[in-house]
Each structure stands twice: as structure tokens, then as C-alpha cells.
Amino acid sequence: MTVDPFNRGNHHAAVVVGSLALAALLWAAGYRFSRIIAAVPWFLLFLVLIIGPVTKIWPSINQRFEGNFPLYFRSELGIWFVIWSLGHVLLVFQLFGWDVVGFVVGMSAWAFAALVGVVIAVVLLFTSNIWAYRLMGPKAWKWHQSHGTYVMFWLFTVHIYDQTFLRGGGPTEDPLHLLYALSIVIIVGLHIGAFLKVVAHYRKHGKYPSGIS
């Protein structure tokens, strides 16, 4: 079973420590706080999005570790992704003198896409719990969480494209921007690879692998 509506304290602690360690590394590399608070949530989302396809391509990972690792870390990673993202949005509003209406009215399409992505993230945050799971039922809850995450990913991707390529007028030399672009390629590549493996399994055995419903 890959549906996990529970939140575990030790998982939250691990994600917080990992997030702060990443933030410290970026700070040591010379990045400003405003860049750090934008980067950390993206890489948390990166982990959320690669866990599923990685375990489909290499299912032995689940057998090697206890507690259905790493699948059962997705909920906590997603929650802290939202928390860091909200911090980033609040910082942007602060830089604009808390003129939220003026910022929203004058924002670019790329920035608007990111703002919509954050709204979706907040909805997913408040439904990432056992109460929402029981209300919706397992399949609807999983559909809601997974599809919302994919839509959110593509909205943030166009925002990153704007920040990385359009604003600079050409290819970026910023290592962090290059990591953003690489992470997008990795996510898409892993999902395509997992899809092809599932199809190949179905063609060979006449049924889908376990965990596919």
C-alpha cells in the first residue's frame, strides 16, 4: 500500500533537519536568504516527485529498508515544502511593502503560475491528514494528492523557466539555476521511465505491478 495519510514525528524531524542542512549549505555557498527560502521548498518537492517513480523502477528499495521507506516520507516532505513555500511568498510580499493587491495585479504570468501553485499546495497541506483520507476514501484521496502535486509541479516549472532563462536573456551560469533545470529533467525522465516499466510489466504479465490501481 503506497497511500499514507499519516504524519510521523520522527519523519518531520528528519525533514526539518535536512531542510536546515540544505539551507546552511546554500548560505555557505554565498546565496542570500531570499534565494535560500525559494530553493529549499523546490528541492523538497523534487524529493516528493521522484520517490514514486524511483520505487517503481527499482522496487527493491522498499525491500531494503524498513517502514516502507522512502514512500512513507512523502507526506512530511510535502508538508514542509508548503511551509517553506509560504515563507517564500511572505518574503516576496514584504519586499513589495505588503501591497498584496498591487503585486497580484501587476505580476507576470509566470509569477501568477507560481502563486496558483502555492494555493494548490496549501489545499494539499490541509488535506494531507487521516481525516481527509477517511472523508474522501483511499482512491479519491490519492488521486487528489497526486494530481494536485503534478499540476503544482508544472506551474512551478514555468516560473523557474522564467527565472532561469527569460529574465537573463539567455542561458544562466548560476549553479542553483542549473540545478533547478537539471532537477526538472530528472523528474520528467524518472516518470517516463517508471511509466514505460509499468507498461512493459503489463505487456509481459497481463497485469500491473503491485501498488498500481
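Derivation of every value follows stated rules applied to the coordinates shown; laboratory data play no part. In this text the structure is predicted, and so the values were computed from the model without any measurement. Ideal geometry is used to build each Cβ from the backbone, glycine not excepted, and the neighbour counts take in all protein chains shown.
Values for this structure:
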read-out	value
Whole-Å semi-axes of segment 9-205's equivalent ellipsoid (Cα gyration tensor)	29, 20, 18
Rounded, prolate or oblate (a/c below 1.5 giving rounded, otherwise prolate when a/b exceeds b/c) for segment 75-153 by Cα gyration tensor	prolate
Neighbour net charge for V54 - beta-carbon separation under 14 angstrom, K R +1, D E -1	+4
Overall form of segment 113-153 per C-alpha gyration tensor (a/c, 1.5; a/b vs b/c)	oblate
Pair Y150, S210: separation of 7 Å Cα→Cβ label points (nm)	2.4 nm
Whole-Å distance, taken between Cα centres, linking segment 104-160 and segment 15-93	16 Å
Alpha-carbon gyration tensor eigenvalues x 5, square-rooted, for segment 1-113, Å	32, 16, 13
With Cα atoms, 0 to 90° folded angle of helix 33-57 axis to the chain main axis	20 degrees
Cα long-axis angle, helix 175-205 against the chain (0 to 90 degrees, to the nearest 10)	20 degrees
Residues K197, K204 arranged by fewest to most Cβ contacts within 10 Å	K204, K197
Cβ-based exposure ranking for S75, S146, in which fewest neighbours within 10 Å come first	S146, S75
Order by protection proxy (mean Cβ within 10 Å, highest first), peptides 178-188, 17-27	178-188, 17-27
Label-point gap, in nm, between N129 and F93 - each point 7 angstrom along Cα→Cβ	2.1 nm
Mean Cα-pair separation over length for the chain, i.e. relative contact order, pairs under 8 Å, 6 or more apart, %	25 percent
